[in-house]
Structures are given as structure tokens and as C-alpha cells.
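Engineer: Take this structure, written in C-alpha cells, and hold onto it; I'll ask about it next.
The values are calculated or read from the model by the stated rules, or taken from the named source; none is laboratory data. As the structure is a computational prediction, the values presented were derived from the model and not from experiment. In this analysis, Cβ positions are derived from the backbone assuming ideal geometry, glycine residues included, and neighbour counts consider all displayed protein chains.
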Amino acid sequence: PYWKGRWRGQAQKWFALAFIGRDADIDIHAHDKEFGSWRWIRAGELADLIVPFKRPVYDAVFEEFADLIS
């Protein structure tokens, strides 16, 4: 392996924010195209949509933000 077993992945910081705009305010094409579409989902639905190796991270984030997620 290129990193000789020392690769630890990306460092991430997570923030909880409240969106107070309108759906029309979201423009995923305003910058370099990274996403083809978007939609609102409940936090409980997200685990079924992400790749399995990221689930522990999302579980930890949801646990930390549990009082903020409805």
C-alpha cells in the first residue's frame, strides 16, 4: 500500500445547522458539479443510503446530535 498502513482517512468536523430557507434556495449547480440531485430525508433513513464502511461515523454523529435531530 502506498501509505504503508499509516492511512487514517480524512479528518472531519461535523456541525448541526438549521436550514431556514426555502427549497428553491438550494442550488446544487452553483459550483463544481459534485451532486446530481438532492432531497430531504429523516436521519433514520440515512444509514440505508450510505456506504457500509461510513456507518459507524454517521451513527456516532447521530448519537452526539440526538437532541437536535427530530
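Engineer: What residue, of Gly44, Gly9, is assigned to a helix (DSSP H, G or I) and at pLDDT below 85?
Structural biologist: After applying the criteria, what remains is Gly44.
Engineer: Okay, moving on. Looking at the stretch 14-24, is at least one residue assigned to a loop (DSSP other than H, G, I, E, B), modelled with pLDDT under 85 and out of contact with any Lys or Arg (no Cβ under 8 Å at 6 or more places or on another chain)?
Structural biologist: no
Engineer: Ok, one more. Looking only at the stretch 23-63, count how many residues are surrounded by 10 or more Cβ atoms within 10 Å (Cβ to Cβ), of a type in the set (Ser, Thr, Tyr) and over 19 Å from Gly9 (Cβ atoms).
Structural biologist: 0
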